[in-house]
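All remarks here apply to the structure that follows.
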């Protein structure tokens, strides 16, 4: 009973700080996505391709969340984008306070789009609001087509589903129609994109849609 | 502060029940693996191939852990193996008590090998002892070669690493040598197997090794 009460307090405190983040983002006209997926679905690769496509068109900043290492931040930094790495040190998800602290290192007055790449985890990040405009969930074709049914909270709380690694469909056991059907069964409002970071397929469509969400359209 | 104390109590309680499970397993001569990985790495497929290989040689039972659905239990049941499904209803990992409850549905006196398939999550299940003989972590080649560095606790706590989906190596950005090097850097004692559930490569080696761990050798 005590655990439940404290968990509720933790979530309540998180929601309060998320609201502060959200107000800061709105005040500065920043569109913010919270990028979530399993480990290895291609969050960082998709981010790299998106940054390449939007370079010079939109002012972007990135917050990287990882359990350990700054490998992802190093990859993103190579593209000349401001990036702050959060290392959770074992923590399974980002929390609003961690993002708030990271924001002190970002020149928010000169950002149109902020991408927060969450810890690779299809369960825990679903419950933590960071103040984002929307959650974007990536599902890799290599994970099969049943994941929306088995991890429904993440697909329910996301606004966009990106089906990534479509170039691998011929080699894996994944029916794209079934995957989409399962996802829309959980959340009929999901906007679905299909991408391959290897061939570049779908990257312009997704990136331009995202650009349309920023004030720099 | 209160949260930390309660979390410690939760883990302490879990360890107590895990120890009860362990004693039950030892009393009945059951070898138990706790199968962990990201969502979609191929835990259930590997289990299916392993069950096929060991059919008639070892008496096996399975406990399936999922956030939602009994899809995995249905797959395993088709192979004629006793299986109990635990649905965590949003919970991001199995706990010893859930396994203890599931055991009441298994005829432990007639089992040589128990496979517990955990929730797909490369972070949270690392911290929860279920009473298993060892943790077996699966890494899919499609996830890239950096995951041991980014999710070290799971690789540190595992005894075996199975590198799965080796048939996809030609199509993905994963250097097998680098993946092994990264894993052994985190845990030099890891026993490593390479498998493909599509071609069947490596399944006999892994299955026979596992069989060698049971009393039915």
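Read-outs throughout are calculated quantities, based only on the coordinates presented, and are distinct from any laboratory measurement. None of these values were measured; they are calculated from a predicted model. Positions of Cβ are backbone-derived with ideal geometry, glycine not excepted, and every protein chain shown enters the neighbour counts.
Dividing the summed helix terms, -39500 (n - 2.57) for each DSSP H run of n ≥ 4, by the number of residues in chain A produces a 222 nm estimate of -11500 deg cm²/dmol to the nearest 500. Centre-to-centre, using Cα atoms only, the range A:35-87 and the range A:163-217 are separated by 18 Å.
To the nearest whole number, what is the average tally of beta carbon atoms from other chains within 10 Å of the beta carbons of peptide B:135-144? Intermediate results must be reported in sequence, preceding the final value.
Numbers: counts 0, 0, 0, 0, 2, 6, 2, 11, 9, 6.
So the per-residue partner count for this stretch is 4.
Counting pairs of alpha carbon atoms under 8 Å apart in space and at least six apart in sequence, what relative contact order in percent does chain A give?
On the way: 418 pairs, mean separation 55.7, N = 217.
Here the relative contact order equals 26 percent.
Largest GNM mean-square fluctuation across A:83, A:137, A:192, computed for chain A with C-alpha springs under 10 Å, falls on A:192. Note on chain A: GNM, Cα springs under 10 Å; of A:159, A:196, A:104, the largest mean-square fluctuation is that of A:104. The Cα trace of the range A:39-116 gives Rg and Dmax of 12.2, 36 Å, the first to one decimal, the second as a whole number.
Per-residue Cβ counts within 10 Å, from other chains only, averaged over A:169-175: what number is that?
On the way: counts 0, 1, 8, 7, 4, 1, 0.
Averaged over the peptide's residues, the number is 3.
Plainly put, the tip 7 Å out from Cα toward Cβ on residue A:28 is 5.7 nm from that tip on each other copy, the closest given first.
Quick one: compute the contact order of the range B:67-128, relative version, from alpha carbon pairs under 8 angstrom and 6+ residues apart, as a percent.
Values: 45 pairs, mean separation 22.0, N = 62.
Reported relative contact order: 36 percent.
So for each of A:72-82, A:38-48 I average, over its residues, the number of other beta carbons within 10 Å; can you give me the resulting order with the highest mean first? List each step's numbers first, then the result.
Working: A:72-82: 16.5, A:38-48: 26.1.
In descending order of packing, they fall as A:38-48, A:72-82.
Counting only other chains, and only Cβ atoms inside 10 Å, what mean value do you get across the residues of A:9-19?
On the way: counts 2, 1, 0, 0, 0, 0, 0, 0, 0, 0, 0.
Average neighbour count from other chains, rounded to a whole number: 0.
From the P(r) of the protein assembly as shown, can you give the percent of Cα pairs sitting at distances over 40 Å? It would help to have the intermediate numbers written out before the result.
Details: 15970 of 93961 pairs.
Across the protein assembly as shown, Cα pairs with separations above 40 Å total 17 percent.
As a proxy for reagent exposure, ranking A:71, A:114, A:98 by other Cβ atoms within 10 Å from fewest up yields A:71, A:98, A:114. When Rg and the Kirkwood Rh are both derived from Cα coordinates, the Rg/Rh ratio for the range A:64-203 amounts to 0.98.
Stokes-Einstein diffusion for the range A:165-204 at 37 °C, viscosity 0.692 mPa s, with a Kirkwood radius from C-alpha pairs, works out to 294 µm²/s.
Among A:191, A:156, A:22, the residue with the largest mean-square fluctuation in a Gaussian network model of chain A, with springs joining Cα atoms closer than 10 Å, is A:191.
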